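Student: Before I ask anything, let me first share the structure, which is written out below as structure tokens.
The values are calculated or read from the model by the stated rules, or taken from the named source; none is laboratory data. Note that the structure is a prediction, hence the values are computed from the model and not measured. Using ideal geometry, Cβ is built from the backbone for each residue, glycine included, and neighbour counts are taken over all protein chains shown.
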């Protein structure tokens, strides 16, 4: 397991993460990209704790995602199964679990203040924190994706399922975008990754 983790994690995180996975008897599966999530945690009917993490994540996002999912397991064990999945108990657990990793041997120096700020009040997904999401994207391999906030107003873009939208105005936090085929209006997070078709 340790040699597999070396392919996906910052080198100084491999040993402590390996110990965590072993201690909590996590069955870790590294899976093909899922557009709707980076990872998930499930307690299987036989009692096994299964965590899946997408294989395409950069090493920093992979680490944050894996600790996020292990924190679900620990929060449920410590506080009971009736807690909200991303409630205060999970936030507290996630903060405590991430703390030992927020250091320059593991994360690049430019990421540290952004990560430290995120963990003052962690969100259900690192993607809903636009600052963190944009900062982490800089470590992704090159791709043809843009963030909604980078596109010009009126620009056409395509999402993962092939649907085409026209970017509209920003309302408070999200952008109103018109689905070209149906004329329906949808709201998009500013850091949603999409493919620009026409500027």
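Student: Exactly one of these conditions fails for residue 113: (1) outside any loop (DSSP other than H, G, I, E, B); (2) over 16 Å from the mean Cα position of the chain (by Cα); (3) under 20 Å from residue 193 (Cα atoms). Give me its number.
Tutor: (3)
Student: Shifting gears a bit: Looking at 68, 86, can you tell me which residue is closer than 16 Å to residue 118 by Cβ, under 14 Å from the mean Cα position of the chain (by Cα) and in a loop (DSSP other than H, G, I, E, B)? Full working, then the answer.
Tutor: Numbers: 68 fails: in a loop (DSSP other than H, G, I, E, B).
On inspection, the qualifying residue turns out to be 86.
Student: Let me ask something else. Among the candidates 122, 152, 100, which residue alone is in contact (Cβ under 8 Å) with a residue 24 or more places away in the chain, assigned by TED's automatic domain parsing to the domain that holds residue 72, part of a loop (DSSP other than H, G, I, E, B) and at negative phi?
Tutor: Numbers: 152 fails: assigned by TED's automatic domain parsing to the domain that holds residue 72; 100 fails: part of a loop (DSSP other than H, G, I, E, B).
The unique qualifying residue is 122.
Student: Among the residues of region 133-162, which ones are surrounded by 15 or more Cβ atoms within 10 Å (Cβ to Cβ) and modelled with pLDDT under 80?
Tutor: The answer is 145, and nothing else.
Student: Among the listed residues 82, 130, 116, which satisfies the condition of being farther than 21 Å from residue 26 by Cβ and exposed (fewer than 13 other Cβ atoms within 10 Å of the Cβ)? Explain how you work it out, then say what you get.
Tutor: Working: 130 fails: exposed (fewer than 13 other Cβ atoms within 10 Å of the Cβ); 116 fails: exposed (fewer than 13 other Cβ atoms within 10 Å of the Cβ).
Just one listed residue meets the conditions, 82.
Student: Any residue at all in region 78-95 that's in contact with a strand residue (DSSP E or B) (Cβ under 8 Å, 6 or more places away or on another chain), within 20 Å of residue 132 (Cβ to Cβ) and at pLDDT 95 or above? Lay out the reasoning, then the answer.
Tutor: Within region 78-95, the first condition is being in contact with a strand residue (DSSP E or B) (Cβ under 8 Å, 6 or more places away or on another chain), and the residues that meet it are none.
No, the conditions are met nowhere in region 78-95.
Student: Is region 180-187 home to any residue that is loosely packed, with under 15 Cβ neighbours inside 10 Å, in a loop (DSSP other than H, G, I, E, B), in contact (Cβ under 8 Å) with a residue 60 or more places away in the chain and not assigned by TED's automatic domain parsing to the domain that holds residue 71?
Tutor: No, that holds for no residue.
Student: Also: State all residues of region 1-54 that are farther than 12 Å from residue 69 by Cβ, touching a residue at least 12 places away in the same chain (Cβ under 8 Å) and in a helix (DSSP H, G or I); if no residue qualifies, say none.
Tutor: 2, 4, 5, 8, 12, 13, 14, 15, 16, 18, 22
Student: Have a look at 49, 12 and point out the one that is in contact with a strand residue (DSSP E or B) (Cβ under 8 Å, 6 or more places away or on another chain) and not assigned by TED's automatic domain parsing to the domain that holds residue 160.
Tutor: Among 49, 12, only 49 is in contact with a strand residue (DSSP E or B) (Cβ under 8 Å, 6 or more places away or on another chain) and not assigned by TED's automatic domain parsing to the domain that holds residue 160.
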